[in-house]
Amino acid sequence: MTVLVAFAFLSGIVTILSPCILPVLPIVLAGGLGSGRSRPFGVVLGFAFSFAFFTLALASIVQALGIPPDALRVVAVALILVFGLVLLLPALGRRFEAFFSRLASIGGAKSSGLANSRPSRDFWSGLGLGLGLGLVWTPCVGPIMASVISLALSRHVDGGSILITAAYTLGTSIPMFAVMVGGRAMLNRVPWLLRRSGAIQRGFGLVMIAVAVMIGFGLDRRFQAAVLTAFPSYGAGLTAIEGTGPVREALRVRGGPAVGQPVGNFSAAGAMPPENGELGDYGAAPAFVAEGPWFNTGGANPGSIPLASPALELSALRGKVILVDFWTYSCVNCIRTLPYLKAWYAAYKKDGLVIVGVHSPEFEFEKRVSNVSTAIRDLGVTWPVVMDDSYSQWNAYSNQYWPAHYFIDGHGRVRYFHFGEGDYATAEKVIRELLAELGNRAIAPVSGEPVAAGIGTGASGLAPASAAPGPTGAAKAGPAALSLQPVTPETYLGYERGSGLDSATAPMADKSVDYRPSRPPADGEWSLQGKWTISSQYIEPENLGTLRLGFHAMHVFLVVEPEEKSGSIEVSVDGTRIVSGPDIVDGLVIPTESRLYQLIQLPSSGAHVLTLVVRGKLRLFAFTFG
């Protein structure tokens, strides 16, 4: 624990340099403005309390009060906006000072004669700003803080989590305080700046208002993405100190068993996957704890509504080789693995291979039993699948990726694991070696062509996809060897994770707005025309709307949820209408179920502009590319 606390402190110190913090740095700089020296102390104290408290307790608060997770973020944005207005408008600033004078009196400063002193007022105003800053401070955390956050999300905070969070917060507070005090000292020592302190204060007020608007509409994430696109390696080394051997070992020891599991269970938290098919012993596989329902376990047709599909027990599968596949049906990266899983299941089921699909959803509509049932049937998945809507199985493995594969031997031990697409020959080698350990000598040693050979991109026509952030901090992992051709990253459309929106009209959350584009979209950018509502996870036209997207790829997919079955999507590329395709009939996509639809299938990858004319009540969630 001492190692983790020490490295968490060091990680906190360097986090102010991370690209995730750039959008809120102006708030830190503004924290030193004002004539009172106590203001930075108030900002740091408010930040430390807010960040630490809500990091550890937000999930519990949200569940107990039944409020949306973004509600407190909205409060923080309002606080930052108010403080920006205070800096911008002197008259409002004087009223604010009077308010904090009364607050200081209530807080007990009156008895010491400091009730109306400027230091007291500055401290309390800084405290309020710090509270808001702590709520919107979203650093690029490494595996140490990730281990704390994952426990907090599952509401299993322990003493170690509190110590690590305190150390990280203290480390972050030191450079924050230094930036505020240093900026203040420079302002006071340079006469030219001192004479213009009023104008500088008003300028920072405007900047804080702009930051509040950016955060409110999720544009801070777009700014982050733009920085990382322009400078891909920026910030990559900031969490490297957490990848050292001592830290990995301390995380392994601290991670120990998954919550509710016996000692010795496997956990992928902070672990680097093995390579080259070298088998190891990574601990006992967690039991099947997902709430279900289960599919394909009772002899019914694949994907049928599981009224009587019994749950599988891990103990009942001893003597079998088990491949646990974490997936979700609208994830194109997951779908691309299915031909290989089918080939392995067909070839090795008779020898003792069992595949168990764990369906951990990315979007709300993927939690519906009927949608998952339809997807299983349409995708031809014949092995057992369990729905994991509450991420119980996901958390038992400390999994972080779609897709992810865990290979379990006949004694219930995890012997190998792999994240993302690719490396299929190695995965099949692992399956055959584990089956050989069971005494299936007919298939060992490994030799000849793998049964899944030839399935790859030539058969499906799909290019590899790169990693892209998923919900709750998870990632969609691409193959180990990526194509040299640039491919547009996954593009989410809802304001919660959306990026790339270009609009001449100011976007508004959860309200119908008449949008219009300001320019043709560049790669990864998209624009709307007509009346649309931008929700947390999706966008939706009022009746008729146009979406334009710049992309560089050969294939384009879109996750769509129809509210009614009369909606349609007309697809054009570079002004030419697409009349047929995997999901296009007579020039239209007619979404009748919530799933991933293929819009474009070009002969080669290149830069293009996609135009969609959307009619009816259709919810559009995310584009993926290949």
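Every number in this text was worked out from the coordinates using simple rules, so none of it is lab data. Remember, predicted model here, so these are calculated numbers, not experimental data. Reconstructed Cβ throughout: ideal geometry from the backbone, glycine too, with neighbour counts over all protein chains shown.
Details
- Cross-link partners of Lys349 among aspartates and glutamates, defined as those whose alpha carbon lies under 16 angstrom from its own and excluding same-chain residues fewer than eight positions apart: Asp325, Asp409, Glu428, Glu433, Glu437.
- The trypsin sites (Lys or Arg not before Pro) found in the range 361-412 that occupy coil by DSSP, while having at most 15 further C-beta atoms within 10 Å, are Arg368.
- Whole-Hz ³J(HN,Hα) from phi, Karplus 6.51 cos²θ - 1.76 cosθ + 1.60, for the range 492-502, glycine and proline x: 7, 10, x, 5, 5, 10, x, 7, x, 6, 10
- The dipole here belongs to the range 324-404: it is taken about the Cα centre, uses +1 on the Cβ of Lys and Arg and -1 on the Cβ of Asp and Glu, and is about 300 debye.
- Formal net charge of residues neighbouring Arg184 (Cβ-Cβ distance under 10 Å; K, R +1; D, E -1): +3
- Length gained when the stretch Ala178-Glu437 is fully extended (0.36 nm per residue, less Cα-Cα span): 87.3 nm
- Filter on Lys531/Lys565; Lys342/Lys367; Lys511/Lys617; Lys367/Lys565; Lys367/Lys617; Lys531/Lys617 - keep pairs with C-alpha separation over 18 Å: Lys531/Lys565; Lys342/Lys367; Lys367/Lys565; Lys367/Lys617
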